[in-house]
Amino acid sequence: MILSTLAGMTVCSLIINPLTALFLGSIGIVKCTFTVPVGFNILGGTGLILFTFAIACLLSWKIKKITPKDLISGE
């Protein structure tokens, strides 16, 4: 979760300005610079990591009831 979040945030921060220029160029805005504060990136990344961890914990709640004996016996 952490590695994918860091990779996604890095790639997105590098391509946000070219994509913004591409989309806004069709309506006549030629020069634009979209800056996102570093604190917002860190806060967003931390929130995303915590959210995915919470979802993973909720989804695995039923798995803890499976014992290794049940897995070996194949029932």
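The values are calculated or read from the model by the stated rules, or taken from the named source; none is laboratory data. In this text the structure is predicted, and so the values were computed from the model without any measurement. Cβ coordinates were reconstructed from backbone atoms using ideal geometry, including for glycine residues, and neighbour counts include every protein chain displayed.
For the reader, a short list of remarks on this structure follows.
- Of everything in the stretch 23-75 that is assigned to a loop (DSSP other than H, G, I, E, B) and surrounded by 10 or more Cβ atoms within 10 Å (Cβ to Cβ), the residue that is farthest from the chain's Cα centre (by Cα) is Ile29.
- Set Lys31, Lys69, Lys64: member being modelled with pLDDT under 80 and under 25 Å from Met1 (Cα atoms): Lys64
- Contact annotation: residue pairs with Cβ atoms under 8 Å, 6 or more positions apart or on different chains, pairing a residue in the stretch 24-45 that is without any contact (Cβ under 8 Å) to a residue 60 or more places away in the chain with a partner that is in a loop (DSSP other than H, G, I, E, B), are Leu24/Cys32.
- Per-region count, the stretch 5-23, residues in contact with a Phe, Trp or Tyr (Cβ under 8 Å, 6 or more places away or on another chain) and of a type in the set (Ser, Thr, Tyr): 1
- Any chance Leu6 is in a helix (DSSP H, G or I) and free of Cβ contacts under 8 Å to residues at least 24 places away in the same chain: no
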